[in-house]
1. Sorting check: for 387-397, 90-100, which peptide has the highest mean count of neighbouring beta carbons within 10 Å, and how do the rest follow?
2. By how many degrees, between 0 and 90 and to the nearest 10, does the Cα long axis of helix 118-128 differ from the longest principal axis of the chain?
3. Name the lysines eligible as straight-distance cross-link partners of Lys246: C-alpha to C-alpha under 26 Å, and not fewer than 8 places from it in the same chain.
4. Per residue, how much accessible area does the stretch 30-155 have with a 1.4 Å probe, in Å²?
5. Taking the highest mean first, how do the peptides 152-159, 439-446 order by number of other beta carbon atoms within 10 angstrom per residue?
6. Report, to the nearest 10°, how far helix 132-152 tilts away from the longest principal axis of the Cα atoms in the chain, using its own Cα long axis and a range of 0 to 90°.
7. First compute the accessible area of the chain with a 1.4 Å probe, then give the percent of it belonging to carbon and sulfur atoms.
8. Counting only the heavy atoms of the protein chains, how much of Leu460 is accessible to a 1.4 Å probe, in Å² to the nearest 10?
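The values are calculated or read from the model by the stated rules, or taken from the named source; none is laboratory data. All of these numbers come straight from a predicted model, not from anything done at the bench. Here the Cβ positions follow ideal geometry from the backbone for every residue, glycine too, while neighbour counts run over all protein chains shown. Remember, those area values only see protein heavy atoms, side chains included, never the ligands or the DNA or RNA. Shrake-Rupley method; radii C 1.70, N 1.55, O 1.52, S 1.80 Å.
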Amino acid sequence: MSNRLVSNAGLPDVERPAVAVIGSGFSGLSAAAYLAKAGCSVNIYEKNAETGGRARQLISNGYTFDMGPSWYWMPEVFENFFNDFGYSAADFYELKQLDPGFTIVFGEKDVLNIPANYQALEELFESIEPGSAKQLALFLDEAAYKYQTGMNKLVQKPGLSLFEFADWDLVRGVFKLQVFTSFSKHVRRFFKDERLITLMEFPVLFLGAMPEETPALYSLMNYAGLKLGTWYPKGGFGKVIEGMQKVCKAQGVVFNHDSAVTRLNVVNGKVTELSSKGSTTYYDGVIAAADYHHVEEKLIDTGLRNYDEAYWNKRVMAPSSLIFYLGVTQKIEKLGHHTLFFDADLKVHAREIYKEPQWPTKPLFYVCCPSASDDSVAPAGHENLFILMPLAPGIEDTEALREEYFEMIMQRLENYTGVAIRAVLDYKKSYCVNDFKSDYNSFKGNAYGLANTLMQTAHLKPSIKNNKIRNLFYAGQLTVPGPGVPPSIISGKVSAQLLIKYLNNK
């Protein structure tokens, strides 16, 4: 190619490199938008009928349910994406800061509402453990450094070599980043009260590992949640997906729904063709933003894969989830937008996810009630509930087990709210391991991707580049930078940059 892609945007289609993106979740949409902006002719292939991957919405009986992500943290990552294309997030959805950001239930009369205002947060800490307000300030000062370094430097790197981190600022700050320190030990340096420890540790559960095995680097999550705030896009996460899809279409991206990819044909170390729905199309490059394991296992030959089955079986996966989408015909005054039920032993539940995989004996669970903040997601006077229980990936999943745990969770939820929720349901749907597998080809039915343990951080994650196929790159929660919505958006951008570099140099 004689012309650089960044100057190719105005060329006729025949002269533009053709690129396929597999999957239309956050990472796929991000990759597609950046590729199209650089001058590529981009086609997205999505196996489901709707755009969004795990962030699809379920609309039924007057309810709009976010099927997956519900925590809007790190708002600047979303803003940066839209800014790169001449927009702002406000062009697509209204963003509201939640106050309280979230609630943690330790017992019927032991409840922490986490305020959006930092001074109020300090007062809350001090009321629980004298001296902890000062400790919180020290903890978050350290976390702020990790956040700025992590989000501005670490997550922007493709993780192809350890030498990427031979940046003087990173080398100088390696001890401040605490990559080799346990998150659990780090938190206990600052706080003694178990409730405060649980508050600080809960975000790492969404990273997919026990706090004892997660690097203290990830206290950056505490900074994101407690200092930058917990937000909500009115209409739900589907509005974010809708906004990103509009950005893609404005760049000329073509969407192919109900179009599961069945084969990547490779010639002389390059993908040349993609097969879907019985047709085969030529491409100059591919971004696989679908499940990494599925792409390697089902779409390319054995000798062309980065990793074999033994490798994948040794990976520590983030949890799967048992989810219930519920429509309730009356308001539930005691539920705010986000409520975490930690009225059970966190360590026992974590062990039953990571160490001794089984259905939990007494599970922790999370309830999202977006109708508490947004009248548009439920009929007037009704509530929209999303209930999630973390669960070991790859575990047996049956309707009988789902119902058993529904009853267990509802008993505790009804006791807390004082509302007989089961008697006033007009919608109910469950979602679990088998659904993650069938809808997303998810490895072992995981919900969040790869756990962020020390041995699965940065260049130790599955490579963003196929090492045997020059024009195949990966994006999403099974590669760098890791699980979560903001990292997935960044992953798409990084993978697109690598493919653009390849196309410019070929």
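1. Working: 387-397: 20.9, 90-100: 15.8.
Top of the packing list down: 387-397, 90-100.
2. The angle comes out at about 50 degrees.
3. Those lysines meeting the cut-off are Lys37, Lys47, Lys96, Lys234, Lys277, Lys493, Lys501.
4. On the way: 4980 Å² over 126 residues.
Computed with neighbouring chains in place, this is 40 Å² per residue.
5. 439-446, 152-159
6. 10
7. The C+S portion of the solvent-accessible surface of the chain is 52 percent.
8. Accessible surface of Leu460 is approximately 60 Å².
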